[in-house]
Amino acid sequence: MSSEPTGRPCPRRLPFTAPVAVWVLEGYSKADEFLRTTFPVEPEQILRLRDVIEPDPDDPWMLYCYAVPVEVRPAVDAILRCGPPDPEPDYFTGAYAAE
């Protein structure tokens with residue numbers, strides 16, 4: 001993960017707070033596309049994930065689903081501390097409305 005500026009606005013400077021949401025890292029089986037694993041993600045971790053997985057400009061809190069490419073999985077693990085990713089599933093970030 002680089003500490004160089006990315007050229008996009010940093011959510012830490014946004015004039016609003018994080019939405020009421022629950023963020024997750026999800027792993028789906030390549031063979032049958034079933035959900036195999038879910039790992040919770042804190043709002044502070046979302047801020048750091050923006051440096052690894054570039055969200056859409058209109059999605060500063062990463063509420064949309066984003067693929068986690070194999071080449072960035074070690075950096076994602078360093079942020080989330082979720083353990084070495086299993087190479088089998090396809091991983092995505094996701095967000096759901098908090099209850």
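Can you find a residue in the range 49-65 that is open to solvent by 50 Å² or more (accessible area, probe 1.4 Å), outside any loop (DSSP other than H, G, I, E, B) and modelled with pLDDT of 90 or more?
no
Let me confirm something: among Pro85, Pro74, Pro69, which residue is touching a Gly at 6+ places or on another chain (Cβ under 8 Å) and farther than 20 Å from Pro19 by Cβ?
Criteria check complete, one pass: Pro85.
Would you be able to say whether some residue in the range 18-30 is assigned to a loop (DSSP other than H, G, I, E, B), at pLDDT 85 or above and either among the aliphatic types (A, V, I, L, M) or touching a Phe, Trp or Tyr at 6+ places or on another chain (Cβ under 8 Å) (or both)?
Looking for residues that are assigned to a loop (DSSP other than H, G, I, E, B), at pLDDT 85 or above and either among the aliphatic types (A, V, I, L, M) or touching a Phe, Trp or Tyr at 6+ places or on another chain (Cβ under 8 Å) (or both), one finds none in the range 18-30, hence no.
Which of the residues belonging to the range 74-85 are surrounded by 12 or more Cβ atoms within 10 Å (Cβ to Cβ) and either under 16 Å from Thr38 (Cβ atoms) or at pLDDT below 90 (or both)?
Within the range 74-85, Val76, Asp77, Leu80, Cys82, Pro85 meet the criteria.
The values are calculated or read from the model by the stated rules, or taken from the named source; none is laboratory data. Quantities reported herein were computed from a predicted structural model and do not represent experimental measurements. Neighbour counts are summed over all protein chains in view; Cβ atoms, including those assigned to glycine, are modelled from backbone coordinates with ideal geometry. Calculation scope for accessible area: heavy atoms of the full protein, side chains included, ligands and nucleic acids excluded. Shrake-Rupley method; radii C 1.70, N 1.55, O 1.52, S 1.80 Å.
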